[in-house]
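Bear in mind that the values in this text are calculations on the coordinates, not laboratory data. Because the structure is a prediction, the values reported are computed rather than measured. Glycine gets a Cβ as well: all are built from the backbone with ideal geometry, and neighbour counts include every protein chain shown.
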Amino acid sequence: MTPERRFEALGRAPAQARERLADRILRSAAVEIVAGPEVATASVRLPVPGTGSTFVAGRVVLTTCRVLLDGTRGDAAVQGRELCGALAAAICDAEAERGGPLAREVDDLVLAAEKARADGLRDEARAVALTRLDDDEASP
């Protein structure tokens, strides 16, 4: 599993599951908070077709964090104002990165988060498909 894949999925994993796992990790490891957790905003930019430029469609609030877990770096970015959630995600990231005793459980959490996202996207696509008009319905 790539660090980028893990980073993205941990940011989307359910907060309670992420925090419970981080608590278990901390029973046998020392954590040093290097940066954050801190709340920041990021611009959402979309391309303007045919111009090569972009426009700001809006802003998103993120909480970021960086830790060292027994000397191994872990990073996180979680949508919203989630101080505990970002800290927990960074701890989980560091556990996986160092190959610690609960690294497999971090991988399982990542896989579950990815599955939930895929299921949600599939359900959304089904709902959108139900709203489409056939060609005969679109004509008066």
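Computed over the chain with a Gaussian network model linking Cα atoms closer than 10 Å, the most mobile of D107, D123, D23 is D123. Rounded to the nearest 20 debye, the dipole size of the chain about its Cα centre is 380 debye, using +1 on the Cβ of Lys and Arg and -1 on the Cβ of Asp and Glu. For the range 1-56, the alpha-carbon radius of gyration amounts to 1.73 times the rule-of-thumb value 2.2 N^0.38 Å expected for a compact globular protein. Between R5 and T72, the FRET efficiency estimated from the beta carbon spacing at R0 = 22 angstrom works out to 0.80. Against the chain, whose longest principal axis comes from its Cα atoms, helix 15-26 is set at around 20 degrees. Expressed as a whole percent, the proportion of Cα-Cα pairs in the chain lying more than 23 Å apart is 46%.
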